[in-house]
Every structure is written in C-alpha cells, then in structure tokens.
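A.B. asks: I have a structure I would like to understand better, so I am pasting it below and will then ask my questions one at a time.
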Amino acid sequence: MDEDAGSMERIFNCGAGAIVTKSIGLKPRDGYPNPTVIELDHGILNAMGLPNPGIDNFKDEITKLKKIKIPIIASIFGSDLKDFVKLAEKMQSYGANAVELNMSCPHAKGYGLEIGCDPDLVKKITFHVKKSITIPVFVKLSPNLVNITEIAKSAEDGNADGIVAINTVKAMKIDLELKMPVLSNKIGGYSGKAVKPIGIRCVYEISQNVNIPIIGVGGITTGEDVIEYLMAGASAVQVGSALYYRGLDVFKKICDEVNQWMTKHGYKNLSELIGVAHK
Ligand code: DHB
C-alpha cells in the first residue's frame, strides 16, 4: 500500500497522519521470487527483496500525492554514501516532506542492515545526507544488532533529526512436508504483534541515550500499543502489519482508542505520556 499514489491516498483518507513510502532505490528492482510473505501464528514473515520502481519512476507518484497535500516520508535505500545522497536529493526535489534512511532491511545483500550495523558508516551517510538536503532526515534501525543504542548514537552524531525503531526481526519458517524454508529467500523479517516487546525495549534503551525524537514501530495494532511506545519514549509511531489484521481504517480505529484511553486516564496531550516509564 506504500508504493503508488492511489493506494497511499486511500491510506491517508483512513486517518494516517503521514505516509512512509516503500523503500526506493536508484534502479527498478523486481525483488525476490514468491513465496515472499507468509502469515505465522503471531506475526507476518516477509522477504520481498526491496522491489520498487526506481527513483526516477517514483517521481510521478510523489507528484500526485503532493497535489492532495499528503505529508510524505520517503524511505530510501542505497549501497553507499553516493546512492543515499542522490536518492535524498531527488526525493526532496520531488516534494517529499522528510526522508527515512533504510539502514535495517534484514536480508538484502549490500543494503540495509549490512550498512546499519557499522556505526561509522551510519554516522557518515547520515551526516552527508543531512548536508545535502533541508528536509528532516530519519534513520530506521534494526533490532538485529548487539547494541542498537550505539548505532542510534551514531545517527544522532551524524545530525539525524530522528530515529525510527524498529525494522523487522530476522526469522525463518520451515515447511515440515517440504522439509525446506517457506520463503524463496529462506530468511525474512518478522513483524506484527510478536515483535512489540522487542520494539518497546529498543525504544526504551535508545531514549535513555539519545536526545533526538524517536518514531516507534513494531507490532502496533491497538491504541494501547501506541500508549506503551509513548511511555517507552517514542514521540510518534508507524503502523504496518496491523493493516492486515484490522483493515485499512486501522489508523482511525487506533486514534479513537488512544483518545479513549487518554480520556479515561485523565491525559489531555500526548506529550504528557512520552517517556513516563523512565521516571
Ligand atoms: C524489505 C524489507 C525490509 O525490512 C525493509 O526495511 C525494506 C524492504 C523488503 O524485503 O523489500
């Protein structure tokens, strides 16, 4: 739902405050052959392989969205500093409101986590992207790291405007009859309800060590999940897998639930809740 203007507009009309696009690279990519996604008992396992139309073809989609004034956070992936800078500059010129650097895709050779596990590279890429554009730069991090806080600090040192935590958790499903992994790529990323405690822990740890805002993501399905991420230290949240579980109007449902929880517990502003679990 995050790759063409029509579906992104539908999502926006269902109550999302902004849209994060599919990660876009320099060249069109088909992604991995099927099977690329499977529902498991407590979440969703996927390895799409970064399929995307390429940055030049993506211009039309953003241009259409700009006409209807939808805030766009453009996710980009590259294999080095030059790629990220070029992609960020193009996204800004198309009218994106912010860019999100994908340094966390768990299974694409040469991309994502292979970059996001190197603190110096994260700092360098963030720093140069920041210098080349004026819109905010967010860095999306992986939970598949020994120390996510160290990488978050590198992003902060590179002048990132915010941290996005977390991307999917590396995982695998084996089919007992076929005696082989279900996904064509064998290894994928796990999302949905099962990963929420991992996301909460990462946001909590990061917020103890960085001073820039955190966008919490991972398993958010209900309003209470949002409240928990705020208490851990997030200032905003992203929702993905819950679209599958609760339908397109999940955004409106979650906002209503957040409002109800706040009324019941005597809160007027979300800001009163950010980081309270640290006190
Ligand atoms: C894909 C997976 C990710 O976790 C991500 O951040 C971006 C892309 C993918 O498989 O396409």
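A.B. asks: Of the numbered conditions (1) closer than 18 Å to Val164 by Cβ; (2) part of a loop (DSSP other than H, G, I, E, B), His42 satisfies every one except a single condition; which is it?
C.D. replies: (1)
A.B. asks: Go through the range 115-169 and count every residue that is small (Gly, Ala, Ser) and closer than 18 Å to Met91 by Cα.
C.D. replies: 3
A.B. asks: Restricting to the range 70-82, count the residues that are under 20 Å from Val20 (Cα atoms) and more than 15 Å from the ligand (Cβ to nearest atom).
C.D. replies: 3
A.B. asks: Can you go through Leu50, Leu65 and tell me which one is at pLDDT below 95 and crowded, with 19+ Cβ neighbours inside 10 Å?
C.D. replies: Among Leu50, Leu65, only Leu65 is at pLDDT below 95 and crowded, with 19+ Cβ neighbours inside 10 Å.
A.B. asks: Considering only the range 53-75, how many residues are within 24 Å of Ile215 (Cα to Cα), among the β-branched types (Val, Ile, Thr) and in a helix (DSSP H, G or I)?
C.D. replies: 1
A.B. asks: Related question: Taking the options Leu145, Leu178, name whichever one is modelled with pLDDT under 95 and either out of contact with any His (no Cβ under 8 Å at 6 or more places or on another chain) or aliphatic (A, V, I, L, M) (or both). Break it down stepwise before answering.
C.D. replies: Working: Leu178 fails: modelled with pLDDT under 95.
Result of the check over Leu145, Leu178: Leu145.
Table: residues versus (1) within 13 Å of the ligand (Cβ to nearest atom); (2) among the acidic types (Asp, Glu).
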residue	(1), (2)
Glu3	yes, yes
Pro28	no, no
Leu50	yes, no
Ile55	no, no
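A.B. asks: Within the range 247-279, track down each residue that is under 18 Å from Ala234 (Cβ atoms), among the acidic types (Asp, Glu) and touching a residue at least 24 places away in the same chain (Cβ under 8 Å).
C.D. replies: Glu257
A.B. asks: Still on this structure, I have one more. Being of a type in the set (Gly, Ala, Ser), over 17 Å from the mean Cα position of the chain (by Cα) and assigned to a loop (DSSP other than H, G, I, E, B), is that true of even one residue in the range 242-250?
C.D. replies: For the range 242-250, residues of a type in the set (Gly, Ala, Ser), over 17 Å from the mean Cα position of the chain (by Cα) and assigned to a loop (DSSP other than H, G, I, E, B): present.
A.B. asks: Sticking with this structure for a sec: Taking the condition touching a Cys at 6+ places or on another chain (Cβ under 9 Å) and either outside any loop (DSSP other than H, G, I, E, B) or within 24 Å of Lys109 (Cα to Cα) (or both), does Leu50 pass?
C.D. replies: Here the answer is yes, as Leu50 does meet what is asked.
A.B. asks: Being in a strand (DSSP E or B) and in contact (Cβ under 8 Å) with a residue 40 or more places away in the chain is the filter; apply it to the range 1-36 and report the residue that is farthest from Tyr245 (Cα to Cα).
C.D. replies: By that ranking, first place goes to Ile24.
A.B. asks: Also, quick follow-up: If I filter the range 76-90 down to residues being in a loop (DSSP other than H, G, I, E, B) and not aromatic (Phe, Trp, Tyr), which single residue comes out as nearest to Lys27 (Cα to Cα)? Lay out the reasoning, then the answer.
C.D. replies: Of the range 76-90, the ones in a loop (DSSP other than H, G, I, E, B) are 77-80.
Those still in the list that are not aromatic (Phe, Trp, Tyr) too: 78-80.
Values: Gly78: 10, Ser79: 12, Asp80: 14 Å.
Across the range 76-90, the extreme among qualifying residues is Gly78.
A.B. asks: Ok, one more. With the requirement that a residue be within 24 Å of Gly17 (Cβ to Cβ), more than 16 Å from the ligand (Cβ to nearest atom) and part of a helix (DSSP H, G or I), what does the range 91-119 give you?
C.D. replies: Gln92, Ser93, Tyr94
A.B. asks: Can you name the residue in the range 123-144 that is under 24 Å from Ser191 (Cα atoms) and touching a strand residue (DSSP E or B) at 6+ places or on another chain (Cβ under 7 Å) and is also farthest from the ligand (Cβ to nearest atom) among such residues?
C.D. replies: Top of the filtered list is Val137.
A.B. asks: (1) farther than 30 Å from Pro136 by Cβ; (2) surrounded by 15 or more Cβ atoms within 10 Å (Cβ to Cβ); (3) more than 13 Å from the ligand (Cβ to nearest atom): which one isn't true of Pro35, the others all being true?
C.D. replies: Condition not satisfied by Pro35: (3).
A.B. asks: So which residues in the range 260-278 are of a type outside the set (Ser, Thr, Tyr) and closer than 18 Å to Gly216 by Cα, if there are any at all? Step through it out loud before you land on a result.
C.D. replies: If we filter the range 260-278 for residues that are of a type outside the set (Ser, Thr, Tyr), which is where we start, we get 260-262, 264-266, 268-270, 272-278.
Scanning the range 260-278 gives Asn269, Leu270, Glu272, Leu273, Ile274, Gly275, Val276, Ala277, His278.
A.B. asks: Examine the range 170-190 for a residue that is of a type in the set (Lys, Arg), assigned to a strand (DSSP E or B) and touching a residue at least 24 places away in the same chain (Cβ under 8 Å), and state whether such a residue exists.
C.D. replies: Yes, because at least one residue in the range 170-190 is of a type in the set (Lys, Arg), assigned to a strand (DSSP E or B) and touching a residue at least 24 places away in the same chain (Cβ under 8 Å).
A.B. asks: Can we say Gln260 is modelled with pLDDT of 95 or more and under 18 Å from the mean Cα position of the chain (by Cα)? Let's see the steps before the verdict.
C.D. replies: Details: modelled with pLDDT of 95 or more: yes; under 18 Å from the mean Cα position of the chain (by Cα): no.
No; evaluated as a whole, the condition is false for this residue.
A.B. asks: Please find, within the range 124-143, the residue that is nearest to Glu205 (Cα to Cα) out of those that are in a loop (DSSP other than H, G, I, E, B) and free of Cβ contacts under 8 Å to residues at least 40 places away in the same chain.
C.D. replies: For the range 124-143, the residue satisfying everything is Ser142.
The values are calculated or read from the model by the stated rules, or taken from the named source; none is laboratory data. Just so it is clear, the model here is predicted, and its values are computed rather than measured. We place every Cβ from the backbone using ideal geometry, glycine too, and count neighbours over all the protein chains shown.
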